[in-house]
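The next block holds one structure in the form of structure tokens; read it before the comments.
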Amino acid sequence: MAKVTIDGIEIDVPDGTTILQAARMIGPEVAPPTMCYHSKLKTSGGYCRTCLVEVTKGSEKDPRPMPKLVASCRTNVMDGMVVTNGLSEKVQDARAGVVEFLLLNHPLDCPICDQAGECHLQDLSYEHGHYNTRTDFERRTFEKIDIGDTIQLHMTRCILCYRCVKVAEQITDGRVHGVINRGDASEISTYIKEAIDNDFSGNMIDVCPVGALTDKTFRFKSRVWFTKPVDAHRDCDKCSGKVVLWYKGDDVLRVTGRKDQWGEVEEFICNTCRFDKKKTSDWTIEGVREISRHSVISANKYKKLVKPKRLTINDIKALPE
Amino acid sequence: MSETETIKFSAETEALMKSIITRYPEGKHKSALLPLLHIAQADTDGWLSVPVMNRVAEILNIKPIEVYEVASFYSMFHLEPVGNCLIEVCRTSSCWLRGAYDIVQHIENRLGIKDGETTPDGKFSLRTVECLGSCGTAPMLQIGETYHENLTKEKVDALLEENKSRTTHSRYVDHTTFRTL
Amino acid sequence: MQRKLLLEHIDVPGIQTYDVYRSKGGYASVEKALKTMTPDAVTEEVKKSGLRGRGGAGFPTGMKWSFLAKPEGVPRYLVCNADESEPGTFKDRYLMEHIPHLLLEGMITASFALGAHTSYIYVRGEFFYIIRILEKAIAEAYKNGWLGKNIQGSGFDHDIYVHPGAGAYICGEETALLESLEGKRGNPRIKPPFPAVKGLYDCPTVVNNVETIAAVVPIVNNGGEAYAAIGIGKSTGTKLISASGHIKKPGVYEIELGVPVEEFIYSDAFCGGILNDKKLKAVVAGGSSVPILPAELILKTANGEPRLMTYESLADGGFATGTMLGSGGFIVMDESASIVHNLYTFTRFYHHESCGQCSPCREGTGWMEKILHKILDGHGSSTDIDLLWDIQRKIEGNTICPLGDAAAWPVASAIRHFRHEFEAYVNHPKQQHVVSYYDHCHNLATAEV
């Protein structure tokens, strides 16, 4: 076990835990934001640099601070380590820089982007970005391409998190897409415009933190905050069959995997569940999915509404003076 | 274009490739990708077409995308046809200080093309490239395997003349570059 | 002064060949190590020598070797970093071209110390003519029993292979080099684990620069203490300096660490003074990545002491008034050179060479290049100078590998010491010397006048 302090809060975690995991165990108030890390994908993380934190004390044994900010998703805790995240000005400054870099070539086409409302880059910019832009150069653009009948790749929006490549590598049996070219000319591509066709390809949509990979069957159907998420499951011979159905009225507009509080998919689902089962009768309904109050998707969803309690005379008497 | 379209290299080339693969431990044959791509590029048309890359993937028993990813990362692999004589002029600091831009401009004027272009007859391509590690003999350019250093306009003219009638494309490697095992 | 340890026999005709090299005492260090020393004793000598990595970082070589994990039954590798691509640096090429057996000899001796039975020399792809030379030398070494099984009857087996790169500066970063050697894109790995624990094929690996490995030869031949006696303080031994730019005698010079910078620039034994006897304006002392210094600060430290060619003296004053020895790529600029334009060539270089994995470097290097281009084009404003400063600040220290820092430092130092030149471009663009040649940048759009 290792004792680690993050923004002044102490926690004991098993050896081998990363700073990010430890911070998440404490809770969202200290957890650094992430864009490329994904808990279900091995070797993910380290690229985007949004989760940089400051290590002000390396460990009990070697208390020297670490000279540079470290990527919390790829750095293991040491016993006695002291980390600052939200409390570190250096971290906040670097993070604002990262947001600016990520937005430098991003089209900011949120009003026409299907990801809007559940976009990690939107959240990140809102919390850590500047209100103004300091660049007047033309942005990098790419043609939209269809990679298969159900997925559209809009590379212009991509932040090169590598998650979709890792999904293809780790949960499908034949990766046909990857990162080609180099530097800021890098792009997600099949290079030869091949369709990505396998039973789990749809998970690339779920892991994409931005609107670079979107569900073509849901394209322009609705803003996500006008749809109602409902947990449901079915017996599936390919995957767990545990999904979220996104309803508008009585229609299921799309099916996605279930995401945890960090926006990361809990269990990957197959394309049959995702694309071919869009009738309520295909599913056993579990109930309305809880959406964090913080999310725009929670707008107009009253499931957890707490009605003000009417006070009785006894309550009033019990009030402290 | 598809992942299955492929070509065959000559028997000699394939034998050389097999020999290169033995330089790496059992099961680590992917290591041979860079040298194999160099050989493939030199032994075909001086650039890497999809069928050529697919064949390399086949030889190494890896996925074609693994080859495309790598080939597109490194600047010496050409993914589009280049002229018979590819002139690569260094443009970084020391070469710039010693007049590389004048050399580039001179070549542009002589060939009637700009940086990155190929002459209509397909004889010459011109590229400016980053530091070639020849700063003490700046300005310099590379044609195929050969470095041409301490350039003057006269030297450049002679080089252009010399390469005007070449029939084979400039190449970085040939079958005698590597020691065969 | 000149002190030749590595280049002692460089002028001997035919020294490229095995026979001549051997006749000049070549391969003595292998004989000595294999027949009279234990591997640990070799490492001990390297530690005593105080040798520091010659590729740029200057990390103590003996210490790096002693970090190598040695689990039972797992092969260990030595990989020679011959991906020499740092602008201003061409010493490794010179060494490999003219005296290739010295590198091979160092590789065998070092591999013996590390217990490595296979080693690779990763040579940048543009140097195929060097690869040809190395391959020939390796064949000679095999033929004469210095490579292969049971070397010189010692029971030690060793194989050396040359591996070509294909045009990527980033592969000079040791973990990117290993990725590239494994046939992948040259993306630096996230550390830890370090190569000493998990390197090539996940096996313990030492990656050393060409010059570092070559220096093992005199260290083993003459003893670590003799090597440590050369130089000043923690800057021991000799260093190959690649001198280029506006000097009378560009080339590779082997110096005893401690030569005054002024002597190095003006002495006939070295650079021979400034080209056309113009005035010295600035020097980039250790390859494009290190901070540029104006004449007064490169010749003397901020305290007025003569600046010496050592790791410590060049770094004196920190980044405020000092620089670094780096890889020894010594680029000299005379009074006519435009610092802003020189910086532009560096920044364009880093933009071109960024691997694109992490966002600050991928996006920031291109952004800085565009701003510099805009300034050179006469469309810049003074806020652009501040913006450049802020961008480099946000790249530095926040990237996966040191390329981010390497891209940031030249920008920071140029603005720190030559802000007036940037302002001149911004305020009076017409009076600046004309950018004679339009630079080609991808995806570049500068504002119309």
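The values are calculated or read from the model by the stated rules, or taken from the named source; none is laboratory data. Bear in mind that the values here come from a model prediction, so they are computed numbers and not experimental data. Note: ideal-geometry Cβ built from the backbone for every residue, glycine included; neighbour counts use all protein chains shown.
Checking A:Asp197, A:Asp149, A:Asp235 one by one, the residue that is of a type in the set (Asp, Glu), in a loop (DSSP other than H, G, I, E, B), within 25 Å of A:Leu253 (Cβ to Cβ) and free of Cβ contacts under 8 Å to residues at least 24 places away in the same chain is A:Asp235 and no other.
Filtering the range A:173-184 to residues that are in contact (Cβ under 8 Å) with a residue 12 or more places away in the chain and closer than 27 Å to C:Trp367 by Cβ leaves A:Gly178, A:Val179, A:Asp184.
Tell me whether the range C:281-303 contains one or more residues that are among the hydroxyl-bearing types (Ser, Thr, Tyr), within 30 Å of C:His428 (Cβ to Cβ) and in contact with a Phe, Trp or Tyr (Cβ under 8 Å, 6 or more places away or on another chain). Yes, the conditions are met somewhere in the range C:281-303. Of all residues in the range C:65-93, those that are more than 19 Å from C:Leu181 (Cα to Cα) have Cβ atoms under 7 Å from Cβ atoms of residues that are of a type in the set (Val, Ile, Thr) and in a loop (DSSP other than H, G, I, E, B), 6 or more apart or on another chain, in C:Ala69/C:Val197; C:Pro87/B:Thr92. Any residue at all in the range B:78-86 that's more than 22 Å from A:Ala185 (Cα to Cα) and among the β-branched types (Val, Ile, Thr)? The answer is no; no qualifying residue exists.
Any chance you could count how many residues in the range A:152-172 are in contact (Cβ under 8 Å) with a residue 60 or more places away in the chain and crowded, with 20+ Cβ neighbours inside 10 Å? Result for the range A:152-172: 9. Within the range C:130-157, the set of residues being without any contact (Cβ under 8 Å) to a residue 24 or more places away in the chain and among the aromatic types (Phe, Trp, Tyr) comprises C:Tyr142 only.
Residues in the range C:146-173 that are assigned to a strand (DSSP E or B) and more than 8 Å from chain B (Cβ to nearest Cβ) were compared, and the one that is surrounded by the fewest Cβ atoms within 10 Å (Cβ to Cβ) is C:Gly148.
The rows are residues; the columns are (1) under 26 Å from C:Asn187 (Cβ atoms); (2) out of contact with any Gly (no Cβ under 8 Å at 6 or more places or on another chain).
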position	(1), (2)
C:Lys91	no, no
C:His101	no, no
C:Leu104	no, yes
C:Ile131	yes, yes
C:Ile151	no, no
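Annotation for the range C:54-74: no member residue is within 14 Å of chain B (Cβ to nearest Cβ) and touching a Phe, Trp or Tyr at 6+ places or on another chain (Cβ under 6 Å).
Scan the range C:67-104 residue by residue and report those that are buried (at least 24 other Cβ atoms within 10 Å of the Cβ) and at positive phi. The answer is C:Gly88, and nothing else. Of the residues making up the range A:72-130, just one is within 11 Å of chain C (Cβ to nearest Cβ), in contact (Cβ under 8 Å) with a residue 12 or more places away in the chain and acidic (Asp, Glu), namely A:Glu100.
Let's see how each residue does on (1) at pLDDT below 95; (2) of a type in the set (Lys, Arg); (3) out of contact with any Cys (no Cβ under 9 Å at 6 or more places or on another chain):
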{"position": "C:Cys80", "(1), (2), (3)": "no, no, yes"}
{"position": "C:Ser85", "(1), (2), (3)": "no, no, no"}
{"position": "C:Phe90", "(1), (2), (3)": "no, no, no"}
{"position": "C:Arg93", "(1), (2), (3)": "no, yes, yes"}
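Taking each residue of the range C:345-371 that is of a type in the set (A, V, I, L, M) and looking for partners that are outside any helix (DSSP H, G or I) and surrounded by 24 or more Cβ atoms within 10 Å (Cβ to Cβ) with beta-carbon atoms closer than 9 Å, six or more apart or interchain, yields C:Ile371/C:Gly380. Taken together, the residues in the range C:173-229 that are basic (Lys, Arg) and at pLDDT below 95 amount to 1.
Table: residues versus (1) in contact with a strand residue (DSSP E or B) (Cβ under 7 Å, 6 or more places away or on another chain); (2) closer than 23 Å to C:Ala28 by Cα.
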{"residue": "C:Glu84", "(1), (2)": "no, no"}
{"residue": "C:Tyr94", "(1), (2)": "yes, yes"}
{"residue": "C:Leu104", "(1), (2)": "yes, yes"}
{"residue": "C:Ala110", "(1), (2)": "yes, yes"}
{"residue": "C:Leu114", "(1), (2)": "yes, yes"}
{"residue": "C:Tyr120", "(1), (2)": "yes, yes"}
{"residue": "C:Val123", "(1), (2)": "yes, no"}
{"residue": "C:Glu126", "(1), (2)": "yes, no"}
{"residue": "C:Arg132", "(1), (2)": "no, no"}
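The helices (runs of 4 or more DSSP H) found entirely in the range B:82-181 that carry 3 or more residues being more than 10 Å from chain C (Cβ to nearest Cβ) are B:100-111, B:153-164.
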